[in-house]
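Novice: First the structure, then my questions, so here it is.
The values are calculated or read from the model by the stated rules, or taken from the named source; none is laboratory data. The structure presented is a predicted model; accordingly, all values stated were derived computationally and were not measured. Glycine also receives a Cβ, built like all others from the backbone with ideal geometry; neighbour counts cover every protein chain displayed.
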Amino acid sequence: MDETLAPKQTGGIFYRVGLFFKPVPLLGYLIGFLVCVLWEQLAGEGLSSLLGLPKMPILFGLLTIFKVLAGIVNFLIKGDAFHWARLVEIPMALVYLTVIYLVPLALVARAAVKPANAMARYLQKFPLIITALVQLGLMYAVLHVWAEVSDYRLIFLKLTLIAVLFTLSLNIINGYMGEFSCSHPGFMAIGAYMSSLFTVGLFASDKVLGDAVFNFSAAYLTFPLALIFGGLMASLCALIIAIPSFKTRGDYLAIISLAFLFIVKSFFENMQALGGSRGISGQPDWATLPVIFITMAFGIWTINNFVTSTMGKALNAVRDDESAAEAMTVDTRKTKMAAFLFGAFWAGVSGGLLAHVLRYVNPAMFSVQKLAEVLAMVYFGGLNSVYGSIVGAVSISLLGEALRPLEIFKWIVIPLLLILVMIYRPTGLIAFKEFNARQVFGPKEVD
Amino acid sequence: MPLLHVTDMSHNFGGLQAVSGYNLSLDPGQITGLIGPNGAGKTTIFNLITGIYRPTQGSVEFDGEELVGKKPNETASMGLARTFQEMKLWRHMTVLEHIKMARYSKLSYGLWGAFLDTPKRRLEERQTTDLAMEYLKMFAVDQFADQLVVNLPYGAQRRVEMARAMVIEPKVLLLDEPTVGMTPDEMMAMIEVVRKAHERFNLAIFLIEHRLRVVHELCQHVQALVFGQVLVEGTPTEVQNHPKVIEAYIGQQEVEF
Amino acid sequence: MTVNFLMQNLINALQWGSFYALIALGYSMVYSILMLFNFAHGDIFMVGAYIGLGVSLGLLSLFGSGAAAVLPGWVVLVLTILISMFLTAFVGIIVERVGYRPLREAPRASAAITGLMIGIILETANILFLGGSRLKFPQLIESVTYNIGGVYVTNKKIMIVLVSIGLMLALHQLITRTKWGMAMRAMAYDYVVVPLVGVPMNTIAAMTFAIGSALAAAAGILFGLAYPVLDPYMGVSFGWKAFVAAILGGRGSIMGACIAGFMLGFIEIMTVPAIQIMNRLFSLNIGSNFRDLIAYSIVLLILIFRPHGLFGQAYSAKLRL
């Protein structure tokens, strides 16, 4: 845990690039990205056909590159035919990435330093919430335009945003509290099933759950209720684990929660009233991008509020030395319970979102594999850090998608990467860094 | 009526009689020392008073209230603060966060305030920060406020721990070997810190200490504990020169090498 | 619904439990020494079974099978078990070297993550090399069924139970009688101080992984004999359950792991007849597919009332973060 002093580099390309972009505030990057995505809508098709790419690169050209690599791998292993001319797609995809994203982003972000900083400074005169809303609105606009290009992007983006919320909710327990919980996919399953029960049961006709009870056009307005219902049910079930686990110390939670995960999965597999192992499908299409974005932003906001308050810092105190925390008036049991139920709540909400994005839910989705995935996201990104969870969830999702052409090799590359991260940075890439909203949304002062 | 009143307290760990028939009465503003060889049960007495262990027998009264059966965080919020021999600081938290944490029980914004960043929470957090800074200045560690506590020099860490216990605004402070591992200079500084805190808040202090120098400087009254039992009680000089105490520390026989 | 029926299930439970017990031993031994769970252990069990498959096929082609066999089946079986145990021990040593030794000073949770990831890599490698289809384990010994008072027992079941108990006794001897066993026990007691008196920490840790893996390999082969279909994910489903057994026995307790392994097998197998009896008695209609649900609820209940497992001590280990 050497977050104390990073050696100051006095040269090197990365240092120079870092220096170059240092004065750019978040607002500047957002404007830059907005220009990029608009530019891609305008020129993306044309440029990709000009470059001879089969179709417009979807994930910044990564997918294109890995498709070619997968072709080579298949040629080497199975002897499948490979057109060597396709090799040219790799540099072309990189050109595409540079022309569409990197250059405009760099130029616009750097050029907009002055106005963006002025704007950020101006916004800072208002309460933080105004600044945050303006910049989040801009961020949403970027994502919206980016996702408009294809349905694939849209669903990828939705799943990634859900993964961010899910990862962060686990980070409360595994990072901030320093316990090891295995039950998070279980909470997600409960949230997914319960919110589906709410929406499908009440507002849609379905083989498993019967006809719609209500039928009115503005039914989607009840979606937040469904999500909250799912989250609360997940918290309620979390109580089953929390009550026995937090009586004793040590890694007892890891085991109880693992047994709980098995039980939840087995329960949903056997509940014929909830569709058994086929699950529930036909959820209404209410989890649109804005809904997910708002839920995620709100979730991150509350979680960050919690972990930066003294009440939430008590989690760190409990983790670092429980008896000292107790001696300093901290009600350790209450703190742990609250954090655990809070984490479970957001896991349940993200489960509800997931069910309504995929529009089906079944027990097989919430297996030990799901656990491995979310643990990978938490530990790759970094413990005890909101940034870490965002970075972890986004990069593992992106990596997972980009490596999809490599098929089974994906499951060698990602674990290897994670092992390397664990060996060289055992607490993850961006661990123990506080997310200060005022700083993030504010202007960058550089003298 | 003494502030802290322990009567006939005994405790055994599965057959091992760690403390037996222990009595203590501590008045407001009094400093009492507890000395004794290693393993005599000094820290166990602290743990029994603060509620980490539950005495098998006897009662602990604090300010007229029974403490037996209360949890450590409850006794602490009633005004019974303590420090630890091995310090027990939180390695991933800054100095300021340490001090603020000890105000946990005084915060009233609740979980909703924590989740939703209400005005009440902002107000209370700001007040707590101000108060914490005041205490940091008092213990001369304010220049480290935003540093991780593990990066501080040893003496400063000790003072942070003192400040953390003091910000609870205790009526009784239990100090477990506050000068252990210190150089003579650091030790003198620590004695000064304790004395200042004592004078300023009219604290009652109960102190475990090995160094007789510290005991002489600070305490009006000393108990000598051997094998879980108080052997001798009295002024520091009386206790120090008592033959039984000397025997317990040095032993009767000459040690042969 | 007779005594015979229960006896029949009891024998099945013994067999099923011996797999759990052998695997759980590996979890427990590693925990007792390094205070962390080797989450790759389930997959080591899988690798062990596949190595066993390879070794037995190799031996059969060398010495012939069926009527042309040079060696009797049981000799091949014993050889298979011994060679596979030896080979799988190296897998365990590699896992320790790659995934755990670099992380000795890191938070324990990070080591758990590397373990999980190594497990995924082992599964993937298996699919990559063997194509992911299920493979059939050769039947090395003729199946003979004995009828003892209406209870049917195959020679395989008897052999499986006996071999696993034999291995457990051997392990017990190793741990209590040898210098290395003593070092292991000392390390389990205090892994900070014991290396200071000259016990080589790395050697002991590697040895622990090796022994645990060898036992898992034996479990894999015995499993292959009883249920002759292997698939790459057998370690996930089976290994995690054995992990639960290790916990149930008490973290780090060798005897606890054995007994709890048998107990978990017993709970899992006996749940089905119990459900049938309940259904008949109270004319309910609970499906026998509720087995896992009920079995793990029982485990959860036991753990709630005995937080440290059946034979575990009260550790108060915190994650070293």
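Novice: Between a residue in the stretch C:103-125 that is part of a helix (DSSP H, G or I) and any residue that is among the basic types (K, R), which pairs come within a Cβ distance under 7 Å, given they are 6 or more apart or on different chains?
Specialist: C:R108/C:R320
Novice: Would you confirm whether any residue within the stretch C:62-74 is part of a helix (DSSP H, G or I), touching a helix residue (DSSP H, G or I) at 6+ places or on another chain (Cβ under 8 Å) and touching a residue at least 40 places away in the same chain (Cβ under 8 Å)? Reasoning before the result, please.
Specialist: Our first condition is that a residue be part of a helix (DSSP H, G or I); within the stretch C:62-74, this holds for C:62-63, C:66-68, C:73-74.
The next check asks that each one be touching a helix residue (DSSP H, G or I) at 6+ places or on another chain (Cβ under 8 Å); those that pass are C:63.
From the residues that got through so far, the ones that are touching a residue at least 40 places away in the same chain (Cβ under 8 Å) too are none.
Among the residues of the stretch C:62-74, not one is part of a helix (DSSP H, G or I), touching a helix residue (DSSP H, G or I) at 6+ places or on another chain (Cβ under 8 Å) and touching a residue at least 40 places away in the same chain (Cβ under 8 Å), which makes the answer no.
Novice: Pull out all pairs, ordered by first then second residue, where Cβ-Cβ is under 8 Å, the residues are six or more apart or on different chains, the first lies in the stretch C:172-197 and is aromatic (F, W, Y), and the second is part of a loop (DSSP other than H, G, I, E, B) and at pLDDT 80 or above.
Specialist: That search, which allows pairs on different chains as well, returns nothing.
Novice: Scan the stretch B:22-45 for residues that are surrounded by 14 or more Cβ atoms within 10 Å (Cβ to Cβ) and assigned to a strand (DSSP E or B) and jot them down.
Specialist: Selection gives B:Y22, B:L24, B:S25, B:L26, B:I31, B:T32, B:G33, B:L34, B:I35.
Yes or no, residue by residue, for (1) of a type outside the set (S, T, N, Q); (2) modelled with pLDDT of 85 or more:
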site	(1), (2)
C:F5	yes, no
C:N12	no, yes
C:S18	no, yes
C:L36	yes, no
C:F39	yes, yes
C:I44	yes, yes
C:F63	yes, no
C:W74	yes, no
C:L82	yes, yes
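Novice: Which of the residues belonging to the stretch A:300-318 are buried (at least 24 other Cβ atoms within 10 Å of the Cβ) and more than 7 Å from chain B (Cβ to nearest Cβ)?
Specialist: Matches in the stretch A:300-318: A:I303, A:V307, A:L315, A:V318.
Novice: How about the stretch B:167-239: which strands (runs of 3 or more DSSP E) wholly inside it have at least 3 residues that are closer than 18 Å to B:N47 by Cα, at pLDDT 90 or above and among the hydrophobic types (A, V, I, L, M, F, W, C)?
Specialist: B:172-176, B:204-208
Novice: For the stretch B:49-65: of the residues being over 23 Å from B:G39 (Cα atoms) and under 19 Å from the mean Cα position of the chain (by Cα), which is farthest from the other protein chains (Cβ to nearest Cβ)?
Specialist: B:E61
Novice: Could you identify the single residue in A:F66, A:F82 that is in a loop (DSSP other than H, G, I, E, B), within 25 Å of A:E407 (Cα to Cα) and aromatic (F, W, Y)?
Specialist: Within the list A:F66, A:F82, the selection yields A:F82.
Novice: Do you know which residues across the stretch A:245-261 are under 14 Å from A:T332 (Cα atoms) and either touching a strand residue (DSSP E or B) at 6+ places or on another chain (Cβ under 9 Å) or modelled with pLDDT of 80 or more (or both)?
Specialist: Of all residues in the stretch A:245-261, those under 14 Å from A:T332 (Cα atoms) come to A:245-250.
A:S245, A:F246, listed by residue number.
Novice: Separate question: Tell me whether the stretch A:398-416 contains one or more residues that are within 9 Å of chain C (Cβ to nearest Cβ), in contact (Cβ under 8 Å) with a residue 24 or more places away in the chain and either surrounded by fewer than 20 Cβ atoms within 10 Å (Cβ to Cβ) or aliphatic (A, V, I, L, M) (or both).
Specialist: yes
Novice: What are the residues in the stretch A:267-280 that are free of Cβ contacts under 8 Å to residues at least 60 places away in the same chain and facing chain C (nearest Cβ under 8 Å), if any?
Specialist: Correct list: A:F267, A:N270.
For (1) within 30 Å of A:T427 (Cα to Cα); (2) out of contact with any Phe, Trp or Tyr (no Cβ under 6 Å at 6 or more places or on another chain); (3) within 14 Å of chain C (Cβ to nearest Cβ), each residue gets a yes or a no:
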position	(1), (2), (3)
A:M177	yes, yes, yes
A:T222	no, yes, no
A:F229	no, no, no
A:Y252	yes, yes, yes
A:L261	yes, yes, yes
A:D285	no, yes, no
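Novice: Return only the number of the condition from (1) surrounded by fewer than 17 Cβ atoms within 10 Å (Cβ to Cβ); (2) within 15 Å of the chain's Cα centre (by Cα) that B:L207 does not satisfy.
Specialist: The number of the failed condition is (1).
Novice: Moving on to the next point. Looking at C:I93, C:I113, C:I81, C:I51, which one is under 22 Å from the mean Cα position of the chain (by Cα), at the interface with another protein chain (Cβ under 10 Å from one of its Cβ atoms) and β-branched (V, I, T)?
Specialist: C:I113
Novice: Let me ask something else about it. Give just the number: which of (1) within 30 Å of A:T310 (Cα to Cα); (2) away from chain C (no Cβ under 12 Å); (3) among the aliphatic types (A, V, I, L, M) does A:M365 not satisfy?
Specialist: Every condition holds for A:M365 apart from (1).
Novice: Taking the stretch C:237-270 as the search range and keeping residues that are of a type in the set (V, I, T) and modelled with pLDDT of 85 or more, which one is surrounded by the fewest Cβ atoms within 10 Å (Cβ to Cβ)?
Specialist: Restricting to residues being of a type in the set (V, I, T) and modelled with pLDDT of 85 or more, the top hit is C:I259.
Novice: Check B:D130, B:D142 and return the single one that is among the acidic types (D, E), without any contact (Cβ under 8 Å) to a residue 24 or more places away in the chain, in contact with a helix residue (DSSP H, G or I) (Cβ under 8 Å, 6 or more places away or on another chain) and more than 10 Å from every other protein chain (Cβ to nearest Cβ). So that I can check it myself, show each step before the final result.
Specialist: Working: B:D130 fails: in contact with a helix residue (DSSP H, G or I) (Cβ under 8 Å, 6 or more places away or on another chain).
Being among the acidic types (D, E), without any contact (Cβ under 8 Å) to a residue 24 or more places away in the chain, in contact with a helix residue (DSSP H, G or I) (Cβ under 8 Å, 6 or more places away or on another chain) and more than 10 Å from every other protein chain (Cβ to nearest Cβ) holds for just one of B:D130, B:D142, which is B:D142.
Novice: Return yes when B:A163 is surrounded by 18 or more Cβ atoms within 10 Å (Cβ to Cβ), modelled with pLDDT of 90 or more and away from every other protein chain (no Cβ under 14 Å) and no when it is not.
Specialist: no
Novice: Return the only residue of C:A274, C:A257 being without any contact (Cβ under 8 Å) to a residue 60 or more places away in the chain, of a type in the set (A, V, I, L, M) and more than 10 Å from chain A (Cβ to nearest Cβ).
Specialist: C:A274
Novice: When C:M207 is evaluated against the numbered criteria (1) under 30 Å from A:K370 (Cβ atoms); (2) crowded, with 17+ Cβ neighbours inside 10 Å; (3) without any contact (Cβ under 8 Å) to a residue 40 or more places away in the chain, which criterion, by number, is the only one it fails?
Specialist: For C:M207, the failing item is (1).
Novice: Here's a follow-up. Name the one entry in A:A132, A:A141 that is in contact with a Leu (Cβ under 8 Å, 6 or more places away or on another chain), surrounded by 15 or more Cβ atoms within 10 Å (Cβ to Cβ) and touching a residue at least 60 places away in the same chain (Cβ under 8 Å).
Specialist: Details: A:A132 fails: in contact with a Leu (Cβ under 8 Å, 6 or more places away or on another chain).
When all the criteria are applied, what remains is A:A141.
Novice: Let me ask you something else. Counting just the residues of the stretch A:149-179 that are small (G, A, S) and part of a helix (DSSP H, G or I), which one comes out farthest from A:W346 (Cα to Cα)? So that I can check it myself, show each step before the final result.
Specialist: The first filter runs over the stretch A:149-179 and keeps only residues small (G, A, S), leaving A:150, A:163, A:169, A:175, A:178.
With the extra rule that they be part of a helix (DSSP H, G or I), the set shrinks to A:163, A:169, A:175.
On the way: A:A163: 11, A:S169: 6, A:G175: 15 Å.
Here the answer is A:G175.
Novice: Search the stretch B:69-91 for residues that are at the interface with chain A (Cβ under 8 Å from one of its Cβ atoms) and in a helix (DSSP H, G or I) and pair each with any residue that is surrounded by fewer than 23 Cβ atoms within 10 Å (Cβ to Cβ) and of a type in the set (A, V, I, L, M, F, W, C) when their beta-carbon atoms are under 7 Å apart and the residues are at least 6 apart or on different chains.
Specialist: Within 7 Å, the pairs are B:P72/B:I52.
Novice: Condition first: within 14 Å of chain C (Cβ to nearest Cβ), more than 17 Å from the chain's Cα centre (by Cα) and farther than 29 Å from C:P232 by Cβ. Can you find one or more residues in the stretch A:430-447 that meet it?
Specialist: Kept after step one, since they are within 14 Å of chain C (Cβ to nearest Cβ), are these residues of the stretch A:430-447: A:431-432.
Applying the additional criterion that residues be more than 17 Å from the chain's Cα centre (by Cα) yields A:432.
Filter once more, keeping what is farther than 29 Å from C:P232 by Cβ: A:432.
Checked against the condition, which is being within 14 Å of chain C (Cβ to nearest Cβ), more than 17 Å from the chain's Cα centre (by Cα) and farther than 29 Å from C:P232 by Cβ, the stretch A:430-447 yields at least one hit.
Novice: Still on this structure, please answer the following. So in the stretch A:372-393, with the set limited to residues that are among the small types (G, A, S) and within 13 Å of chain C (Cβ to nearest Cβ), which one is nearest to A:N305 (Cα to Cα)?
Specialist: A:S385
Novice: Of the numbered conditions (1) surrounded by 21 or more Cβ atoms within 10 Å (Cβ to Cβ); (2) touching a residue at least 12 places away in the same chain (Cβ under 8 Å), B:Y154 fails exactly one; give the number of that condition.
Specialist: Every condition holds for B:Y154 apart from (1).
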